[in-house]
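We did not get these values from a lab; they are worked out from the coordinates using the rules stated. Remember, predicted model here, so these are calculated numbers, not experimental data. Cβ atoms come from the backbone with ideal geometry, glycine included; neighbour counts cover every protein chain shown.
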């Protein structure tokens, strides 16, 4: 069965609700291993990042309840 960006985003929200935070490096490693390389790309700074489709679905799902910490490279429940 084909995995969707929506499913990846749902996993992220569940993790953050449960753990309080999710580090980008952990998210990328998990997404690569469990959902596939299609949801990860290398951004303009040369760092691995989640696909735009995943980020868009993620933003819609959490509706402002999750914040990105630029200094710590993690998402946190607000």
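When ranked by the protection proxy of mean other Cβ atoms within 10 Å per residue, highest first, what sequence do the peptides 44-56, 10-22 form? All intermediate terms of the calculation are to be shown ahead of the outcome.
Numbers: 44-56: 13.5, 10-22: 15.9.
Listed from highest to lowest mean packing, they are 10-22, 44-56.
What do you get for Rg/Rh of the chain when both radii come from the Cα atoms and Rh is the Kirkwood radius? Show your work: numbers first, answer last.
Details: Rg = 11.7 Å, Rh = 12.5 Å.
Dividing the radius of gyration by the Kirkwood radius yields 0.93.
Between residue 29 and residue 55, what is the label-to-label distance in nm when each label sits 7 Å out along the Cα-to-Cβ direction?
2.3
Fully extended, how many nm does the chain gain between residue 47 and residue 15 (0.36 nm per residue separation, minus their Cα-Cα distance)? Numbers along the way, then the final one.
On the way: separation 32, 0.36 × 32 = 11.52 nm, distance 2.20 nm.
Length difference between fully extended and current span is 9.3 nm.
Can you show me the helix-derived [θ] at 222 nm for the chain, built from DSSP H runs with n ≥ 4 at -39,500 (n - 2.57) apiece and divided by the number of residues, rounded to the nearest 500.
Working: 3 runs with 37 residues, N = 78.
So the helix-based figure for the chain works out to -15000 deg cm²/dmol.
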